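These notes concern the structure reproduced below.
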There are 2 protein chains.
Amino acid sequence: MRAASATELVDAATAGNPRAVARLISLVEDASGQLREIMALLAPRAGHAQVIGLTGSPGVGKSTSTSALVSAFRARDLRVGVLAIDPSSPFTGGALLGDRVRMQEHATDPGVYIRSLASRGHLGGLSWATPQALRVLDAAGFDVVLVETVGVGQAEVDIASLADCTLVLLAPGMGDGVQAAKAGILEIADVFVVNKADRDGAENTYRELTHMIALAGPAAASQGGWRPPVLKAVASRGEGIAEVVDAIADHRAWLVEHGVLDARRRRRAADEIEQIALTRLRLRMGDLRDGSLLHSLAADVVAGLTDPYTAADRVVAGLATTQPRHA
Amino acid sequence: MRAASATELVDAATAGNPRAVARLISLVEDASGQLREIMALLAPRAGHAQVIGLTGSPGVGKSTSTSALVSAFRARDLRVGVLAIDPSSPFTGGALLGDRVRMQEHATDPGVYIRSLASRGHLGGLSWATPQALRVLDAAGFDVVLVETVGVGQAEVDIASLADCTLVLLAPGMGDGVQAAKAGILEIADVFVVNKADRDGAENTYRELTHMIALAGPAAASQGGWRPPVLKAVASRGEGIAEVVDAIADHRAWLVEHGVLDARRRRRAADEIEQIALTRLRLRMGDLRDGSLLHSLAADVVAGLTDPYTAADRVVAGLATTQPRHA
């Protein structure tokens, strides 16, 4: 059987064929030679999906919450894509993959597409393919895309820069969860959810968090004046999930009203363009003078014959006078 | 009083003047306009110091161990510099700064220089100025430079790429310390130290760690065949510290014997050159067409008029045809 062309795949994905969606994401993840063609085909069809990030420490109930949110969006007749970023190392891998089983209630719903992406390195930045995979789901007509990451390391910061709305989940009894996570989560959360709110200590977690947000003040967050609400939920029974969906809608209305949604998306696109350009330039640096320039300059620096700034000048000058590598 | 020139400062630092060393590191940290001149002056004088990284979770006794190591190196008549990377956010800041007080026993020793550098962001990557500050201490004739970081997030990975030898500290009773840290520490440690070895559970921590290293196998580590030893210490009483110094020396002898020391230093210099070049290129990207090119391309991507790969092509092409920014 002939392999489908990029155009055929994109047409099929846009028409809602889940196998075409899966194939496109795989091509993107493998940095296939068709990547550029695929991205060019997707560009005019994307830009409609609402991107929601969901993060929190292991054990707060992320997958259960994601699953409950999927049900809530489906009840509103929206099509939902889920990208679950799995750590590729044994760091937290086991438990996460086990949780994923809970998503199976949506496995036969054609309005839901669920996909795991491997994260980058043991500190868990998002997969470099995440923005591209998002664009595939966006072009394929999913109204909402949930991106779920473990709230450890770089991924939770990355997700905030990708998403229109970032949910941070907490749960009672996670030890020093609130205090330890303090600095990070205030910077990234648009909506806080205290999950497992029927458990002992939920009230404490709620109070600590509310207090922390009050202390930070309305202008402290990078959200430009939005004060993240704190909601309570018991995701395993679907309790409080409608309120979370409402809070996401409130946040979106606020973003639109203040002109922040478009600004966020443009900043995200600028970051993405910059990263692609820098990756390309880094490859070219490695190729300069058949790959020997950087090595010989590094040897000169180690020998004290030059300094890294002067060496960098020579690399940058070299880039301006060489043929581009086809990447 | 006239401000000292870069040449005067570098001369004074090389002659062992601690105020000149402090001033140079401040100029470097502030990315002063003299940075490039300073780096060029330091280049021929650096390259002699042995760089030792020291990392571990909060509470394992990093500062106490650093202090004990400083004493041990001083007893061998070596001059010692210490760069302590402090998180700049409240993430773990409080406790760390308190611990720093323990270093004061060395405050009046002219053969010791101690300096804090703020880390980058709340996830704790090293300060971008760390390699430059290292070079200042190196040129100033310190035989050993200890770089101490909190073993959380990116800093512990960064330190392994900067140091000739990376010590990873653990302590008993740190909860799931060994298991949780597993993936990360095996990749970066050249020497393991189980500190607070007089406490309950030390034997368990030691056994777990030894078992983990045995499982990983001799070739699993990025250290190219070196199998990290596991030592026990009670740093607060100086016990086991001489053995740690011996292990560092063994590791260094091994690096030299296998030609790895120079290879590591060249790789480090290549990374540094690449980072400086990429930073410069990123600045230039932002400057293209008076700062409007990246923004208008991002707006086009958001509007679906182009894709990020095509946009990146235009940015890269723009770089080749513009005058460099003086940075």
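The values are calculated or read from the model by the stated rules, or taken from the named source; none is laboratory data. Predicted, not measured: the structure shown is a model, and the values here were computed from it. FYI the Cβ positions are ideal-geometry reconstructions off the backbone, even for glycines, and counts take in every protein chain you see.
When you scan the range B:31-43, do you find a residue that is of a type in the set (Gly, Ala, Ser), buried (at least 19 other Cβ atoms within 10 Å of the Cβ), within 30 Å of residue B:171 (Cβ to Cβ) and modelled with pLDDT of 90 or more, even just one? No, the range B:31-43 contains no residue that is of a type in the set (Gly, Ala, Ser), buried (at least 19 other Cβ atoms within 10 Å of the Cβ), within 30 Å of residue B:171 (Cβ to Cβ) and modelled with pLDDT of 90 or more. Looking across the range B:13-50, just one residue is hydroxyl-bearing (Ser, Thr, Tyr) and touching a residue at least 12 places away in the same chain (Cβ under 8 Å), and that is B:14. For the range A:304-327, filtering for residues that are at pLDDT 85 or above and touching a helix residue (DSSP H, G or I) at 6+ places or on another chain (Cβ under 9 Å) leaves 15. Given the structure, is residue B:137 in a helix (DSSP H, G or I), within 27 Å of residue B:268 (Cβ to Cβ) and modelled with pLDDT of 90 or more? Against the criterion (in a helix (DSSP H, G or I), within 27 Å of residue B:268 (Cβ to Cβ) and modelled with pLDDT of 90 or more), residue B:137 qualifies. Note on the range A:236-263: residues that are within 19 Å of residue A:72 (Cα to Cα), touching a residue at least 24 places away in the same chain (Cβ under 8 Å) and not basic (Lys, Arg) amount to 11. There is at least one residue in the range A:122-134 that is modelled with pLDDT of 90 or more and under 12 Å from the mean Cα position of the chain (by Cα).
Screening the range A:1-10 for residues that are modelled with pLDDT of 90 or more and loosely packed, with under 15 Cβ neighbours inside 10 Å and picking the one that is nearest to residue A:41 (Cα to Cα) gives A:7.
Residue B:267 passes every criterion in (1) modelled with pLDDT of 90 or more; (2) under 30 Å from residue B:80 (Cα atoms) apart from (1).
Residue check: residue A:180 meets all listed conditions (1) on the phi < 0 side of the Ramachandran plot; (2) modelled with pLDDT of 75 or more; (3) more than 19 Å from the chain's Cα centre (by Cα) but one, namely (2).
Put simply, of B:266, B:284, B:280 the only residue that is in contact with a Ser or Thr (Cβ under 8 Å, 6 or more places away or on another chain) and surrounded by 14 or more Cβ atoms within 10 Å (Cβ to Cβ) is B:284.
Of the residues making up the range B:32-67, those that are touching a strand residue (DSSP E or B) at 6+ places or on another chain (Cβ under 6 Å) and of a type in the set (A, V, I, L, M, F, W, C) number 5. The helices (runs of 4 or more DSSP H) located wholly in the range A:237-327 that include 2 or more residues which are more than 8 Å from chain B (Cβ to nearest Cβ), more than 24 Å from the chain's Cα centre (by Cα) and closer than 23 Å to residue B:278 by Cβ occupy A:260-287, A:293-302, A:308-320.
For the range B:263-283, check the following and say yes or no: at least one residue is over 22 Å from residue A:296 (Cα atoms) and not hydroxyl-bearing (Ser, Thr, Tyr).
Step one: of the range B:263-283, the residues over 22 Å from residue A:296 (Cα atoms) are B:282-283.
This time we only want the ones that are not hydroxyl-bearing (Ser, Thr, Tyr), so: B:282-283.
Yes - at least one qualifying residue is present in the range B:263-283.
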